[in-house]
Protein chains: 2
Amino acid sequence: MTMPDLDAIAARIARRDDAAVAAARDRQRQLTKPTGALGRLEELSVWLAGAQGACPPPPLERVRVVVFAGDHGIAQAGVSAYPSEVTAQMIGNFLSGGAAVNVLARLTGASVRVVDMAVDAETPAEIATYKVRHGSGRIDVADALTRDEAERALGAGMAIADEEVDAGADLLVPGDMGIGNTTPAAVLVAALTGAELASVVGRGTGIDDRVWMRKAAAVRDALRRTRPVLGDPVQVLATAGGADFAAMTGFLLQAAVRRTPVVLDGVVSGACALVAHRIAFRASDWWLAGHRSTEPAHAQALDRLGLDPIVDLGLRLGEGTGALVALPVLAAAGATLREMATFDEAGVSGKGSGDR
Amino acid sequence: MTMPDLDAIAARIARRDDAAVAAARDRQRQLTKPTGALGRLEELSVWLAGAQGACPPPPLERVRVVVFAGDHGIAQAGVSAYPSEVTAQMIGNFLSGGAAVNVLARLTGASVRVVDMAVDAETPAEIATYKVRHGSGRIDVADALTRDEAERALGAGMAIADEEVDAGADLLVPGDMGIGNTTPAAVLVAALTGAELASVVGRGTGIDDRVWMRKAAAVRDALRRTRPVLGDPVQVLATAGGADFAAMTGFLLQAAVRRTPVVLDGVVSGACALVAHRIAFRASDWWLAGHRSTEPAHAQALDRLGLDPIVDLGLRLGEGTGALVALPVLAAAGATLREMATFDEAGVSGKGSGDR
């Protein structure tokens, strides 16, 4: 796979459909409720109409979660409460349908695909097609990836988005699995937003103060290695990300190219969204923030991206779970715009109609 | 219908099931995720196990919304952006399935019942069984209801809860429809929480400053009439509520007696919950706050009740819509507790197991 031309990608990203947006705003004013009374649902319905290019927007029937899995050398620095082998074990759990993302996908009618980008173990061949390496490098002392690996992973993520859109996906959710992955996420967010160390290093899987100190030191060292390459987003992914991060970044970019709405999940997708936004700022026009995670770097990323999370429920699991919890709100937004009666249809007097 | 003995009702309200709560907490620790990583979903799953008396809690399959409809004489004071006839028109809309509550109920698998308690128009006989009067009184200058009417309406709400639980409802949602109803809601909340006038009077259906001034004056006058009867919750409903409010209050109490969980909606259900809580403080053990409305009195009511809303999406429509938007989050909570694999089942290493 050759490296895609990032400038060409950025140029190919269109705006959401202005005509559908205008039609949705107009229809919201005719529905049997005071204008604005459905609050965020109204905004989301207008967004969805623009992203789907139709008013009312059709139901979301092929929501696809792609879980980008990878191990991170930084886990060897003792930054997580769990050992690295959990990444591969959890892949087994995803494939047998027992993880939180599986449960929530079943509940919301979504489906889950797992992609091994850099798991430090053998995984079933069908999920390892795009695998770049066994574990990304230990970012406090070395690059996560070579330049070539970063480019291949980015291209893989784009190819995956293409596959999913070609297969009919009408909304994409980027999920993540990888012990240690909140550490590169914190580095990317700090590097790309300028946020202070203490405001990006979180508790991840639930670490104690001692482990947090180690994690903060790792983030500090990796940040020092990242700052010199900030002008080159692909090199940022190579230096401080990982193959899973690079692939997710490509996935988010190509979803925008393909005019397919995305609901972002937690801090890993927030970090990748920042990188993708640096490559093509218009890409964020196609993204919603599903939730706000308790990882502090996530709030920093959303703030920089100007995205307001749909729900805020204290989740910090990743996998795509926060996006899936928000999905029914998006479905509710679309359904009200699509199915509610208008004042005329229902024979209901509009606002102030007594004076007319 | 005779007046129920309120002390006897309060005595009949049990706590949620402690054993199921303990079992749910224990199971949460065994599921394949860091403990706490599902945040509010974990808390809600434990709550649900306690309310349903089973761990894991069974799926919610018979969610029933009961919309308590009534007109309010205070609408004649010009406190709403809509004329009173909209109440009856919206009932037609509910019955033909075109209102927001219908759309959201279809989406979440819930069903909707409309009860005319005091609509100022003739409505179909099947929804008017419990009707108490045509429009409740204008509360700035007169009582909303006679004592007898308040008692009958309260008893009707209890009977309705019994009917729904007997028919198999596993979760109840109180909905409201009535032009002018945020005015009595504001009075009840101010009276029962001591909140200041300006912090309970909201924009309702979307009123301008001039109308807001009239509404504030109406709330002030009604509050003056309500304060002397504060020791008598039924008289509070008679003085400043309405037949729809009295019925919803009885409904909330009897749901608790029948050990049936309730998801509250907006400011009207918040106001009724405050009255019901005054009658039987343990009743709130059976309630969740679905959302936080933009009506300022709602936040005051939730604060006093100690309820943390599940979503906060700027809704202010009533009907039960805010509760229905939150319902999928509750379903997600139950499903994760029920369906996720445990560490043992999935062969995943637990936290810190590398050290064991």
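If you check B:Thr226 against the conditions, is it among the polar types (S, T, N, Q) and over 16 Å from the mean Cα position of the chain (by Cα)? Here the answer is yes, as B:Thr226 does meet what is asked.
For the range A:77-103, give me each residue that is more than 7 Å from chain B (Cβ to nearest Cβ) and in a helix (DSSP H, G or I). The answer is A:Ala77, A:Thr87, A:Ala88, A:Ile91, A:Phe94, A:Leu95, A:Val101, A:Asn102.
B:Ala246 meets each of the listed conditions (1) assigned to a helix (DSSP H, G or I); (2) of a type in the set (Gly, Ala, Ser); (3) more than 28 Å from B:Asn93 (Cα to Cα) apart from (3).
When you look at A:Ala128, is it within 20 Å of the chain's Cα centre (by Cα) and more than 10 Å from every other protein chain (Cβ to nearest Cβ), yes or no? Walk me through it before giving the result.
On the way: within 20 Å of the chain's Cα centre (by Cα): no; more than 10 Å from every other protein chain (Cβ to nearest Cβ): yes.
No; evaluated as a whole, the condition is false for this residue.
Residues of the range A:294-327 that are more than 23 Å from B:His291 (Cα to Cα), open to solvent by less than 10 Å² (accessible area, probe 1.4 Å) and either among the polar types (S, T, N, Q) or assigned to a helix (DSSP H, G or I) (or both): A:Ala297, A:His298, A:Ala301.
Here's the yes/no breakdown for (1) touching a residue at least 12 places away in the same chain (Cβ under 8 Å); (2) within 22 Å of B:Gly320 (Cα to Cα); (3) in a helix (DSSP H, G or I):
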{"residue": "B:Ala105", "(1), (2), (3)": "yes, yes, yes"}
{"residue": "B:Val112", "(1), (2), (3)": "yes, yes, no"}
{"residue": "B:Asp143", "(1), (2), (3)": "yes, no, no"}
{"residue": "B:Glu149", "(1), (2), (3)": "yes, no, yes"}
{"residue": "B:Arg152", "(1), (2), (3)": "yes, no, yes"}
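Number of residues in the range B:55-76 that are open to solvent by 30 Å² or more (accessible area, probe 1.4 Å), within 23 Å of B:Asp285 (Cβ to Cβ) and more than 10 Å from chain A (Cβ to nearest Cβ) equals 7.
Yes or no: the range A:336-352 includes at least one residue that is open to solvent by 40 Å² or more (accessible area, probe 1.4 Å), assigned to a helix (DSSP H, G or I) and more than 9 Å from chain B (Cβ to nearest Cβ).
Step one: filter the range A:336-352 for residues open to solvent by 40 Å² or more (accessible area, probe 1.4 Å), giving A:338-339, A:344-345, A:347, A:351.
Adding the requirement that they be assigned to a helix (DSSP H, G or I) leaves A:338-339, A:344-345.
The next check asks that each one be more than 9 Å from chain B (Cβ to nearest Cβ); those that pass are A:344.
For the range A:336-352, residues open to solvent by 40 Å² or more (accessible area, probe 1.4 Å), assigned to a helix (DSSP H, G or I) and more than 9 Å from chain B (Cβ to nearest Cβ): present.
Exactly one residue among B:Thr294, B:Thr260 is within 14 Å of another protein chain (Cβ to nearest Cβ) and of a type in the set (Ser, Thr, Tyr), and that residue is B:Thr294. In the range B:11-33, what count of residues is obtained for those that are open to solvent by 60 Å² or more (accessible area, probe 1.4 Å) and in contact with a strand residue (DSSP E or B) (Cβ under 8 Å, 6 or more places away or on another chain)? Total satisfying the criteria: 1.
Quick one: which residue in B:Leu330, B:Leu274, B:Leu288 is at pLDDT 95 or above, more than 10 Å from chain A (Cβ to nearest Cβ) and assigned to a strand (DSSP E or B)? Result: B:Leu288 is the single residue among B:Leu330, B:Leu274, B:Leu288 that is at pLDDT 95 or above, more than 10 Å from chain A (Cβ to nearest Cβ) and assigned to a strand (DSSP E or B).
How many of the residues making up the range B:297-327 are at the interface with chain A (Cβ under 10 Å from one of its Cβ atoms) and of a type in the set (A, V, I, L, M)?
9
What are the residues in the range B:256-282 that are farther than 20 Å from B:Pro184 by Cβ and open to solvent by less than 10 Å² (accessible area, probe 1.4 Å), if any? Even if it seems obvious, please write down each step before you answer.
Of all residues in the range B:256-282, those farther than 20 Å from B:Pro184 by Cβ come to B:256-263, B:280-282.
Within the range B:256-282, B:Ala256, B:Thr260, B:Pro261, B:Val262, B:Val263, B:Ala280 qualify.
One residue stands out in the range B:34-54 among those that are open to solvent by 10 Å² or more (accessible area, probe 1.4 Å) and part of a loop (DSSP other than H, G, I, E, B): the one that is farthest from the other protein chains (Cβ to nearest Cβ), namely B:Gly53. Cβ-Cβ contacts under 7 Å between residues 6 or more apart (or on different chains), taken from a first residue in the range B:170-184 that is over 15 Å from B:Gly270 (Cβ atoms) to a second residue that is in a loop (DSSP other than H, G, I, E, B) and aliphatic (A, V, I, L, M), are listed as B:Asp170/B:Leu60; B:Leu171/B:Leu60; B:Gly180/B:Val79. Filtering the range B:113-142 to residues that are open to solvent by 60 Å² or more (accessible area, probe 1.4 Å) and over 29 Å from B:Leu171 (Cβ atoms) leaves B:Asp120, B:Glu122, B:Arg133, B:His134, B:Arg138, B:Val141. Per the conditions (1) touching a residue at least 12 places away in the same chain (Cβ under 8 Å); (2) closer than 17 Å to B:Ala297 by Cα; (3) open to solvent by 10 Å² or more (accessible area, probe 1.4 Å), the sole criterion not satisfied by B:Met213 is (1).
Is the range A:55-67 home to any residue that is assigned to a loop (DSSP other than H, G, I, E, B), closer than 30 Å to A:Gly334 by Cβ and of a type in the set (D, E, K, R)? Scanning the range A:55-67, I find at least one residue that is assigned to a loop (DSSP other than H, G, I, E, B), closer than 30 Å to A:Gly334 by Cβ and of a type in the set (D, E, K, R), so the answer is yes. Candidates B:Glu122, B:Glu164: the one that is part of a helix (DSSP H, G or I) and farther than 23 Å from B:Arg316 by Cβ is B:Glu164.
The values are calculated or read from the model by the stated rules, or taken from the named source; none is laboratory data. Owing to the predicted nature of the structure, the values given are computational and were not obtained by experimental measurement. Heads up, the Cβs are rebuilt from the backbone with ideal geometry, glycines too, and the neighbour counts pull from every protein chain shown. For the accessible areas, the whole protein counts, side chains as well, though only heavy atoms, and no ligand, DNA or RNA atoms are used. Shrake-Rupley method; radii C 1.70, N 1.55, O 1.52, S 1.80 Å.
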